[in-house]
1. Restricting segment A:44-60 to residues that are open to solvent by 20 Å² or more (accessible area, probe 1.4 Å) and closer than 19 Å to residue A:98 by Cα, which is farthest from DNA strand C (Cβ to nearest atom)?
2. Identify the residue in segment B:116-138 that is more than 8 Å from chain A (Cβ to nearest Cβ), in contact with a helix residue (DSSP H, G or I) (Cβ under 6 Å, 6 or more places away or on another chain) and open to solvent by less than 50 Å² (accessible area, probe 1.4 Å) and, among all such residues, is farthest from residue B:64 (Cα to Cα).
3. Can you tell me which residue within segment B:67-109, out of those that are within 12 Å of chain A (Cβ to nearest Cβ) and without any contact (Cβ under 8 Å) to a residue 24 or more places away in the chain, is farthest from residue B:154 (Cα to Cα)?
4. Taking residue A:126, is it more than 22 Å from residue B:103 (Cβ to Cβ) and out of contact with any Leu (no Cβ under 7 Å at 6 or more places or on another chain)?
5. Just give me the residues in segment A:95-115 being of a type in the set (D, E, K, R) and open to solvent by 20 Å² or more (accessible area, probe 1.4 Å), in sequence order.
6. Checking the conditions here, which among B:17, B:41, B:28 is within 14 Å of DNA strand C (Cβ to nearest atom), surrounded by fewer than 17 Cβ atoms within 10 Å (Cβ to Cβ), touching a residue at least 24 places away in the same chain (Cβ under 8 Å) and not assigned by TED's automatic domain parsing to the domain that holds residue B:109?
7. How many residues does segment B:149-174 contain that are out of contact with any Asp or Glu (no Cβ under 9 Å at 6 or more places or on another chain), within 7 Å of chain A (Cβ to nearest Cβ) and over 20 Å from residue B:108 (Cα atoms)?
8. If the Cβ limit is 9 Å and pairs must be 6+ apart or interchain, which residue in segment A:44-59 that is more than 16 Å from residue A:120 (Cα to Cα) and of a type in the set (Gly, Ala, Ser) pairs with which residue that is more than 8 Å from DNA strand C (Cβ to nearest atom) and assigned to a helix (DSSP H, G or I)?
2 protein chains.
Amino acid sequence: MARTGRNYPKGLARREEILEVALRIVAERGYNAATIRELAEAVSLSKTGLLHHFGTKEELFAEILRRRDQRDIESVQSVGDARELLSQILAHNADVPGLVQLYSRFSAEASDPDHRAHEYFAERYERNRVDLATMVRALQEEGHVTPAADADALGALLLAAMDGLQLQWLYDKSFDMRRSISALMSALLEPRDAPEAEQGA
Amino acid sequence: MARTGRNYPKGLARREEILEVALRIVAERGYNAATIRELAEAVSLSKTGLLHHFGTKEELFAEILRRRDQRDIESVQSVGDARELLSQILAHNADVPGLVQLYSRFSAEASDPDHRAHEYFAERYERNRVDLATMVRALQEEGHVTPAADADALGALLLAAMDGLQLQWLYDKSFDMRRSISALMSALLEPRDAPEAEQGA
DNA sequence: GTCTATACCGCGATAGAC
DNA sequence: GTCTATCGCGGTATAGAC
């Protein structure tokens with residue numbers, strides 16, 4: 001049902017418009033305000049008219065998050081320094097509180113095995129854990145992180161820290177997420193490779 | 001409205017019964033199934049009959065989480081080793097997936113400033129950050145953690161890691177939360193004080 | 001104080017007409 | 001591809017019985 005019209009110009013344009021408006025509404029009025037009725041009204045459609053394009057509310061939100069991930073992955077390519085990678089993602093996310101709220105709430109809701117987006121997040125977590133563990137291993141091979149460290153466990157920890165810090169930030173926008181992730185990276189990286197370890201960077 | 005009858009035996013007994021049943025339903029059938037109608041039926045009350053005791057669904061859940069916090073705080077007193085503290089909390093939580101699910105989803109929902117439990121969580125995060133930072137400072141004074149570390153930033157990080165690891169665990173119950181928190185503690189603690197640092201503990 | 005009945009609102013989703 | 005109509009559900013508010 002969500003597949004309808006993905007190959008027709010009119011339908012594609014509508015989908016883009018809906019995704020854009022949905023994100024704007026979440027950002028401006030919060031996740032709760034982003035109901036099907038509200039979104040439909042904002043793009044001058046009926047409820048069912050909107051559902052025609054995405055099938056369910058969950059698929060619509062999942063599509064928004066998929067695109068964010070895609071953007072993050074692309075931006076990651078341009079970041080050479082592993083130390084700065086997570087910090088830069090947090091910095092970018094701090095500019096789009098609506099997306100952060102959507103991600104945090106949606107990922108918590110979808111922890112229910114019956115949720116339509118459950119598999120999406122389960123796979124996303126698994127994949128990100130592997131990717132981050134790979135990053136830790138690379139740092140180990142380069143001598144920046146002690147070989148004694150458990151790379152897999154630290155990969156999962158980095159992912160957990162990102163999620164947890166963003167949740168705290170949602171409760172207090174003055175909370176400095178980057179400072180905490182920076183303190184963590186300082187602890188992980190060998191002193192000899194990061195002698196002048198500041199937090200604010 | 002939620003204050004009613006907190007001093008009368010019958011009302012007190014009902015409140016206890018409701019809290020107990022609510023937790024059981026969340027554990028057995030998930031957060032989504034824990035609706036007012038469902039809970040009321042389980043304790044043989046009408047919807048409004050149940051609401052009489054807690055005023056709103058949010059207050060009921062907040063009360064459950066307040067009690068968990070209280071238990072955690074008390075159990076903390078008996079744990080001397082800071083290294084084992086968070087690991088033990090995770091171990092205990094792994095025995096009550098319903099509570100973890102309730103906490104994760106409820107805390108994400110309440111990130112909305114208009115949510116009834118928003119202030120509760122905002123204060124809880126602030127307090128826990130301070131407490132964990134204090135713990136880090138104590139470790140610094142004892143020489144277990146380098147004085148160069150940012151205690152406040154690490155306090156927030158530890159809290160974030162706890163939340164994030166539990167969310168990942170909700171998606172994959174075979175995920176080892178303690179292994180990640182243990183790897184983090186190994187990185188934070190000076191090698192000379194934790195020479196035989198295993199992960200599985 | 002404890003509790004029931006009722007009536008209401010907004011939500012997501014579906015069926016079927018156009 | 002879009003609409004109207006309708007459904008079931010969760011949460012809330014009020015009146016009033018015991």
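The values are calculated or read from the model by the stated rules, or taken from the named source; none is laboratory data. Computed from a prediction, not measured in an experiment: that's the story for all the values here. A quick note on method: Cβ atoms are made from the backbone with ideal geometry, for glycine too, and the neighbour counts reach across all protein chains shown. SASA here: full protein model, heavy atoms, side chains in, ligands and nucleic acids out. Shrake-Rupley method; radii C 1.70, N 1.55, O 1.52, S 1.80 Å.
1. Out of the qualifying residues, it is A:59.
2. First, the residues of segment B:116-138 that are more than 8 Å from chain A (Cβ to nearest Cβ): B:116-117, B:119-120, B:123-124, B:127-128, B:130-138.
If we keep only those that are in contact with a helix residue (DSSP H, G or I) (Cβ under 6 Å, 6 or more places away or on another chain) too, we end up with B:116-117, B:120, B:128, B:132-133, B:135-137.
Still in the list and also open to solvent by less than 50 Å² (accessible area, probe 1.4 Å): B:117, B:120, B:128, B:132-133, B:135-136.
Working: B:117: 12, B:120: 12, B:128: 18, B:132: 23, B:133: 26, B:135: 26, B:136: 29 Å.
Among those residues, the one meeting the criterion is B:136.
3. Checking each candidate, the answer is B:109.
4. Details: more than 22 Å from residue B:103 (Cβ to Cβ): yes; out of contact with any Leu (no Cβ under 7 Å at 6 or more places or on another chain): yes.
Spelling it out, residue A:126 is indeed more than 22 Å from residue B:103 (Cβ to Cβ) and out of contact with any Leu (no Cβ under 7 Å at 6 or more places or on another chain).
5. Residues satisfying the conditions are A:95, A:109, A:114.
6. Values: B:41 fails: touching a residue at least 24 places away in the same chain (Cβ under 8 Å); B:28 fails: within 14 Å of DNA strand C (Cβ to nearest atom).
Of the residues listed, the single one that is within 14 Å of DNA strand C (Cβ to nearest atom), surrounded by fewer than 17 Cβ atoms within 10 Å (Cβ to Cβ), touching a residue at least 24 places away in the same chain (Cβ under 8 Å) and not assigned by TED's automatic domain parsing to the domain that holds residue B:109 is B:17.
7. 3
8. A:46/A:40; A:49/A:14; A:49/A:40
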